[in-house]
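**Student:** Quick one: the structure is below, and I'll ask about it shortly.
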Amino acid sequence: MVLDKKNLQRLHDIENLSDKDKYNIFCTIDNLIRAVKLKNIAEL
């Protein structure tokens, strides 16, 4: 991941959220990553 200005701002925005919101965002990201990995395995 490139930590350019835009991505650093995203991380900063997440950092300022409540713990519950951060948890939900990171769960969503984890699930998206898992879905892409499974999709890539299925394409083999």
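Read-outs: derived from the displayed coordinates by stated rules, not from any lab. What you are looking at is a predicted structure, and each value in this text was computed from that prediction instead of being measured. Every residue, glycine as well, gets a Cβ built from its backbone with ideal geometry; the counts of neighbours run over all protein chains shown.
**Student:** Which members of segment 15-44 meet the condition of being more than 10 Å from the chain's Cα centre (by Cα) and within 15 Å of Met1 (Cβ to Cβ)?
**Tutor:** Hit for segment 15-44 is Val36, nothing else.
**Student:** Residue under question is Lys20, and the condition is that it be exposed (fewer than 10 other Cβ atoms within 10 Å of the Cβ) and part of a helix (DSSP H, G or I); does it hold?
**Tutor:** The answer is yes for Lys20.
**Student:** I need every pair where a residue in segment 1-23 that is under 18 Å from Ile33 (Cα atoms) has its Cβ under 7 Å from the Cβ of a residue that is assigned to a helix (DSSP H, G or I) and polar (S, T, N, Q), sequence separation at least 6 or different chains.
**Tutor:** Filtered contacts from segment 1-23: Met1/Asn7.
**Student:** Could you tell me whether Asn40 is exposed (fewer than 10 other Cβ atoms within 10 Å of the Cβ) and of a type outside the set (Ser, Thr, Tyr)? Give the derivation first.
**Tutor:** Numbers: exposed (fewer than 10 other Cβ atoms within 10 Å of the Cβ): yes; of a type outside the set (Ser, Thr, Tyr): yes.
Here the answer is yes, as Asn40 does meet what is asked.
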